[in-house]
Protein chains: 2
Amino acid sequence: MEVAPIGWIETAFVEKFGIPRQSMVVPQVKGMVQFYPPYNQIEYFKGIESFDYLWLVWYFSAQKGRANKATVRPPRLGGNERVGVFASRSPYRPNPIGLSSVKLEKVHIDGAGKVSLEVSGVDLMDKTPILDIKPYVKTDIHEEARAGFTDEVAWRPLTVDMPEAVTAGLPEYLLTQLQAVLAQDPRPRTQDNPDKIYGMRFDAYDVHFTVKSGILRVVKITEQAES
Amino acid sequence: MEVAPIGWIETAFVEKFGIPRQSMVVPQVKGMVQFYPPYNQIEYFKGIESFDYLWLVWYFSAQKGRANKATVRPPRLGGNERVGVFASRSPYRPNPIGLSSVKLEKVHIDGAGKVSLEVSGVDLMDKTPILDIKPYVKTDIHEEARAGFTDEVAWRPLTVDMPEAVTAGLPEYLLTQLQAVLAQDPRPRTQDNPDKIYGMRFDAYDVHFTVKSGILRVVKITEQAES
């Protein structure tokens, strides 16, 4: 069965490192969904502004090849316990289809009637192909749902120490997003080395930081060279 | 991009007519998800029983060809008002991918360690190809979500009159499901003819009914001839 992208999303996550582990975990993180013709026409979106949330159905384009593994090790479980692929939201799955519920912030329409959607709470890498947009409806809400291992493990945000001297030159809107992303602890679950300087690409920047006793300290931010 | 079914679902809906218009609208309606090898192996499902709800990602196999329409007429709006394809959950969409949150009732394991999943609240036709199973997690819950036109229109269930003389021979578990499905009013939104006898296929049965002043009366149920 053949599926084809209707568009793509633009986010600050130019690499997998640092991407929030579910949608809405970092509500501040924005994205802009762009559409190929004819799907960029305003008719396709008539009435969409009356929904608060949307489902993005997308393609794990950063995943090469089809996964053959029956189990995965979710970061929530420290990266050393295994659960079944179908009991996880891991990108390693037979069909690399992703599902994210994001907040619809604004419908942008340019002069030619072309639409792009500003969304927040994204957990997608920059340029991820989008397969479908569906409105989030009341029957999607299951308040009482037990959620397995994701219920059991509390996620402790880190304290982020980002001195002004280091962030000089970074635009305010990116700074807010970066702070929230770092608080989620972007390190691989199996790594906890207080002496290591971690590097993360974020938008046009390289962000360097250490983590020690629950405090993430940003030590350097450099603008990437034009590629 | 190529996707391939990991399995299929078995339901009582052998035709499109009568299928609930969203998942969980009729919680009583059951389905059994079956898997192709190797995805029917128990390892793929390790930990899944600790989730109450699952996402089924599926393929609208009853939809022939790719849809080119920018707008659709949702049954909720009486079938005569148009909204954009991406502001609806219509099956007529560029990529015919469906999304249903269903309740996980039971994980069935046969002697050879092969798994099938009993689920409820289904809105899928019998034999629909399943592309993925994902657990429903807390970040999928957005209690405060406004849901556009689906908020505005109250769905009034019908009173179902199903005389015992008519239902004789129908197994109890199917009767419960049928009652709930009929209460949702399976008629096309644009039709309201009190003199018409409507026919619906349900499991191995043909169900005939009339609708008048909010009362759905089942007039005949016949077993289908073996095909």
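The values are calculated or read from the model by the stated rules, or taken from the named source; none is laboratory data. It should be emphasised that the depicted structure is a prediction, and the values quoted were computed from it without experimental measurement. Cβ: placed from backbone, ideal geometry, glycine included. Neighbour counts: every protein chain shown. Please note that ligands, DNA and RNA were not included when accessible areas were found on the heavy atoms of the full protein model with its side chains. Shrake-Rupley method; radii C 1.70, N 1.55, O 1.52, S 1.80 Å.
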**Message:** Against the conditions (1) basic (Lys, Arg); (2) touching a strand residue (DSSP E or B) at 6+ places or on another chain (Cβ under 8 Å); (3) assigned to a loop (DSSP other than H, G, I, E, B), where does A:ARG201 fall short? Just the number, please.
**Reply:** (3)
**Item:** Count of residues meeting criterion [at pLDDT 90 or above and over 21 Å from B:ILE9 (Cα atoms)] in region B:183-205
**Value:** 7
**Message:** Restricting to region B:32-79, and then to whatever is free of Cβ contacts under 8 Å to residues at least 12 places away in the same chain and not in a loop (DSSP other than H, G, I, E, B), can you tell me which residue is farthest from B:PRO186 (Cα to Cα)?
**Reply:** B:GLU43
**Item:** Residue among B:HIS108, B:HIS142 that is at pLDDT 95 or above and either more than 29 Å from B:ALA62 (Cβ to Cβ) or more than 18 Å from the chain's Cα centre (by Cα) (or both)
**Value:** B:HIS108
**Prompt:** Got a sec? Which of A:GLY84, A:GLY79 is among the small types (Gly, Ala, Ser), over 27 Å from B:GLU143 (Cα atoms) and at pLDDT 95 or above?
**Reply:** A:GLY84
**Residue that is modelled with the lowest pLDDT [pool: residues in region A:48-61 that are more than 7 Å from chain B (Cβ to nearest Cβ) and buried (at least 16 other Cβ atoms within 10 Å of the Cβ)]** = A:SER61
**Asked** Here are B:VAL26, B:VAL3: which of them is more than 10 Å from chain A (Cβ to nearest Cβ), out of contact with any Gly (no Cβ under 6 Å at 6 or more places or on another chain) and touching a residue at least 12 places away in the same chain (Cβ under 8 Å)?
**Response** B:VAL26
**Item:** Single match in A:ASP161, A:ASP151 (criterion: of a type in the set (D, E, K, R) and closer than 30 Å to A:ARG82 by Cα)
**Value:** A:ASP151
**Item:** Residue check for A:THR159: of a type in the set (S, T, N, Q), closer than 30 Å to B:VAL122 by Cα and under 22 Å from the mean Cα position of the chain (by Cα)
**Value:** no
**Request:** Residues being open to solvent by 50 Å² or more (accessible area, probe 1.4 Å), assigned to a loop (DSSP other than H, G, I, E, B), free of Cβ contacts under 8 Å to residues at least 12 places away in the same chain and more than 30 Å from A:GLY84 (Cβ to Cβ): count how many of those fall in region A:164-192.
**Result:** 1
**Item:** Residue that is farthest from B:MET1 (Cα to Cα) [pool: residues in region A:13-47 that are out of contact with any Lys or Arg (no Cβ under 8 Å at 6 or more places or on another chain), open to solvent by less than 40 Å² (accessible area, probe 1.4 Å) and among the aliphatic types (A, V, I, L, M)]
**Value:** A:VAL26
**Asked** Among the residues of region B:1-12 satisfying the criterion of being of a type in the set (A, V, I, L, M, F, W, C) and open to solvent by less than 20 Å² (accessible area, probe 1.4 Å), which is farthest from B:PRO94 (Cα to Cα)?
**Response** B:ALA12
